[in-house]
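Notes to accompany the following structure.
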Amino acid sequence: MDATVEWVSRESIPEQATWNLSGLFASDQDWEELFKTVESGIPGYEEFRGTLSQSARHIKHCLDFDMDCARKLERIFNYAHLRNDEDKTHSGNQQKYEKSMRIRTQWMQARSFIDSELVAIPTETMETFLADDDLADYKYHIQKILRFQDHILSEKEEALLASCAELSRASYDAFGMLDNADLQFGTVKDSEGKETRITHGNFGSLLQSYDRPFRKNVFETFYKAYENHRYTFSSLLASNLKKDLFYSRTRSHASTREKALFDENIPVQVYDNLITTVHENLEPLYKYFALRKKILGLEELHIYDCAVPLVKDFKWSMTYEEAVDKTLEAVKPLGEEYGSILKRGLLEDRWVDRFENKGKRSGAYSSGCYDSNPFILLNYKEDHINSLYTLAHEAGHSMHSYFSRSHQSYVYADYTIFVAEVASTFNEAMLTRYFMDQNPDREMKIYLLCREIDNFRGTLYRQTMFAEFEHLIHKAVQENQPMTVEAFQETYKKLLELYFGEGVVLDDCLNLECFRIPHFYFGFYVYKYATGISAAYALVDRVLNGGEQELQDYLNFLKSGGSEYPIDLLKGAGIDMTHPAPIQTALSTFSRLVDELESLCA
């Protein structure tokens, strides 16, 4: 999948390099049949309406029905969204995705009375119900619902909100189609006249070129596409912010941020601790930029200079199969069971859709449901080390999902996003530890140090900057400030100046970056990358420097799914994220890595 080839069609990708969705459905016809079954079964919710206050047995029957319906819908939705992401231009897959979203809305409307009826049950009565053996498996699930008592509306109001689900995703759907299907980044020529088409998938690889005019051209050409559509992107993002504010106000939350954190029972101090602690530790980041500028021998350091390997003529090339081998070697300390399951999934059972093709969704993710194996979407590039780390990252997600679903009942199998990034980043850290333990030569060590430093920069510093941007723009909307193109770009520019310091020249087009981040359409998501890497590095140290108990604590964390609140799950693994200590530890590690790089390059 060389960066210089033209678009590759889906049909030309070898079958072994694509994911196998037959575990979800053997055929599209099977999908249609289950779809019809669920659609015809949704009216069955009416049997339970108005009955939940009668007994624990009535609640159990309702929740059993609800979980069975949700489980089938997960299969339907996962198959549809995975097929749709294979090729965003495929009309048949788009139709399945739209149908799956429509039936989810119908389901949400049909079940919307459940939470309202549960919170309306008098406290003493509910305590009696929860002590009943019939609700033993649902006790924590119900307690989580009751926690929302002040934020759950009447039955009619909940039904009305549920009916808005399709409307509420309009801005994100439009962003996705514009960014992945319609947006064309054009082509660029290198110094030898070789023409290359720019895509989401190869943008990072192209910026690693030692040809500075070429990478400058790549950078400016890439952002030109966003400049040409900046008013559309601005409008979509502003609409999404207003949607989030509507839901937070409707549910009587003080702010959109507080609503987002309340959902996972995350104290606001966790968010504030992150931003404050990073602000207090920006000097090592500035030092790294100065070091990079010196090593590259540049009079000015631009953003497009920040991905170039500091070891000249160091060429990275690794096939997908080799990347799997390296990942498996790196995670050996997690035990034979972990490694054997992962190997089978990545190579034999076709969990992974490996390469970029025309119309395929950009980026990477891990998906799947309770009744399937995990699925990993990649856009793997043999010439980019980030592809190896992305594989290890998504493998961490997938193994977390695999263990959770294997050890928890359906109701508690899904873990929240706050802990999701821990297992994935843990694997990335293990990969670097593995490479460093191989006693690499000086050049390889510098290369790996830079990769580790850039991972911290991209995940801890960058995602915190994104988190701060989110907080500012949501706050502005809450204060009725108009969010125009200029407002977004000015807010983003100030943060760029803070996080990059005076040592980096910030090209004007970089202000457009705020319009290309899909995570901004999932309010207050990105901070979890930063807290995740902090928790992950603390856990790596704990596992590798500990004994069998520390390893089991971590594996038990992977197996716990959503059986506790995320803060409590991490405490069980040995990490307390309500204090800034894990973040400070991660930032100290970053500072140490920069010092080590400076020493090696001296």
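Coordinate-derived values only; no laboratory data. Please read all numbers here as calculations on a predicted model, not as lab measurements. Backbone-built Cβ (ideal geometry, glycine too); neighbour counts: all protein chains shown.
For the pair Ala17 and Glu322, label points projected 7 Å from Cα toward Cβ lie 1.6 nm apart.
Taken along its principal axes, the alpha carbon cloud of the stretch 10-168 reaches lengths of 63, 32, 26 Å, longest axis first.
Here is what passes the span test in the chain: the DSSP H helices with alpha carbon length of 18 Å or more along the helix axis and a Kyte-Doolittle mean of 0.0 or above are 417-437, 527-545, 581-601.
Among residues other than Lys528 with Cβ under 10 Å from its Cβ, the summed charge is -2 (Lys and Arg +1, Asp and Glu -1).
Computed per residue of the chain from DSSP H runs no shorter than four, each worth -39500 (n - 2.57), the mean residue ellipticity at 222 nm is -19000 deg cm²/dmol. Look at where the Cα atoms of the stretch 132-148 and of the stretch 1-76 average out, and the two centres are 24 Å apart. Each label was represented as a point 7 Å from its Cα along the Cα-to-Cβ direction; for Thr128 and Arg197 these points are 6.9 nm apart. Neighbours of Asn273 by Cβ distance under 15 Å: Lys/Arg scored +1, Asp/Glu scored -1, total -2. Other residues within the sphere of radius under 14 Å centred on the Cβ of Ala476, judged by their own Cβ, net out at -2 (K and R +1, D and E -1).
A crude spin-label estimate for the pair Thr276 and Ala581, with each label 7 Å from Cα along the Cβ direction, gives 1.7 nm. Across the stretch 394-486, the volume of the C-alpha convex hull divided among the residues equals 138 Å³ per residue. Given that just one value was derived from the coordinates, which of [x] 92, 55, 53; [y] 76, 53, 52; [z] 98, 81, 56 is Cα extents along the principal axes in Å? It is the value labelled [y]. Across the chain, the mean sequence separation of Cα contacts (distance under 8 Å, 6 or more residues apart), normalised by length, yields a relative contact order of 19 percent. Separation of the stretch 398-423 and the stretch 511-576, taken as the distance between their Cα centroids, equals 12 angstrom. The protection proxy used here, the mean number of other Cβ atoms lying within 10 Å of each residue, ranks peptides 580-591, 543-554, 172-183 as follows, highest first: 580-591, 172-183, 543-554. Looking at the stretch 435-526, none of the trypsin sites (Lys or Arg not before Pro) sits in a DSSP loop with at most 14 other Cβ atoms within 10 Å of its own Cβ.
For a modelled paramagnetic label at Tyr140, 7 Å from Cα along Cα-to-Cβ, the residues of the stretch 386-408 in reach, with backbone nitrogen under 11 Å, are 408. Among the GluC sites (Glu not before Pro) found in the stretch 420-515, those both in a DSSP coil and sparsely packed, with 10 or fewer other Cβ atoms within 10 Å of their Cβ, are Glu479, Glu502. Ranking of Met126, Met399 by neighbouring Cβ atoms within 10 Å, starting from the fewest: Met126, Met399.
The calculated FRET efficiency for Ala170 paired with Ser599, based on their beta-carbon distance and R0 = 51 Å, is about 0.45. Percent of Cα pairs in the stretch 235-380 per distance bin of 10 Å, from zero to the largest separation: 8, 17, 21, 34, 18, 1. Once the chain from Asp68 to Arg49 is taken as fully extended at 0.36 nm per residue, the excess over their C-alpha distance is 5.1 nm. Counted residue by residue at 0.36 nm each, then reduced by the alpha carbon distance between them, the extension gain from Ser40 to Glu443 reaches 138.8 nm. Label zone (Glu227, point 7 Å along Cα-to-C-beta; backbone nitrogen cut-off 16 Å) within the stretch 187-207: 187-188.
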